[in-house]
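Everything on this sheet refers to the single structure shown next.
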Amino acid sequence: MKQIKLPFAFLILLVGMVTLSCSKKDIYIHLTDTKWEVVKIKKDGESAYTKTDESYLLIFTNENTFTINLDVNNCFGSYEIISSGDIEISPLGCTEVCCDSEFAMELARLLPKMTSYYGQGDELILEGVGKIILKEK
């Protein structure tokens, strides 16, 4: 009887560990000197994501500043990690050359509205009024 209980207990433990590791959010992601490519965004109140085929790079240049490259314009701003998983992003300053796409303009509007962040695999998830999903570059 003990021989049957031991493998069964091990199996239950293994399943529990896998389940927890898949659902755990890695909020201790380090942002300084990292580059992220925008994959998709979701506006507040919408259920579907909008994906992009363009390359929009969000670069956290040091402990409190970032840049983001849009279609034509470049933007910059500052951020502050309030606590583990909580972030405050300043309004963006951007060059004003014409003709960024609708997606790029929405991305620039959404970014300062993000209030939390976490990692899942090689992705950075920014949430707040909407959601931005980025992939590590």
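The values are calculated or read from the model by the stated rules, or taken from the named source; none is laboratory data. As the structure is a computational prediction, the values presented were derived from the model and not from experiment. Cβ: placed from backbone, ideal geometry, glycine included. Neighbour counts: every protein chain shown.
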ILE59 being under 15 Å from ILE132 (Cα atoms), free of Cβ contacts under 8 Å to residues at least 40 places away in the same chain and among the β-branched types (Val, Ile, Thr): yes
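Inside segment 106-137, can you point out the residues that are touching a Gly at 6+ places or on another chain (Cβ under 8 Å) and among the polar types (S, T, N, Q)? Walk me through it before giving the result.
Of all residues in segment 106-137, those touching a Gly at 6+ places or on another chain (Cβ under 8 Å) come to 110-118, 125.
THR115, SER116 - these are the residues of segment 106-137 that are touching a Gly at 6+ places or on another chain (Cβ under 8 Å) and among the polar types (S, T, N, Q).
Would you say GLY77 is buried (at least 18 other Cβ atoms within 10 Å of the Cβ), over 13 Å from the mean Cα position of the chain (by Cα) and either at pLDDT below 95 or farther than 17 Å from LYS40 by Cα (or both)? Spell out how you get there, then give the answer.
Values: buried (at least 18 other Cβ atoms within 10 Å of the Cβ): yes; over 13 Å from the mean Cα position of the chain (by Cα): yes; either at pLDDT below 95 or farther than 17 Å from LYS40 by Cα (or both): yes.
The answer is yes for GLY77.
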Some residue of segment 83-94 being part of a helix (DSSP H, G or I), modelled with pLDDT under 90 and small (Gly, Ala, Ser): no
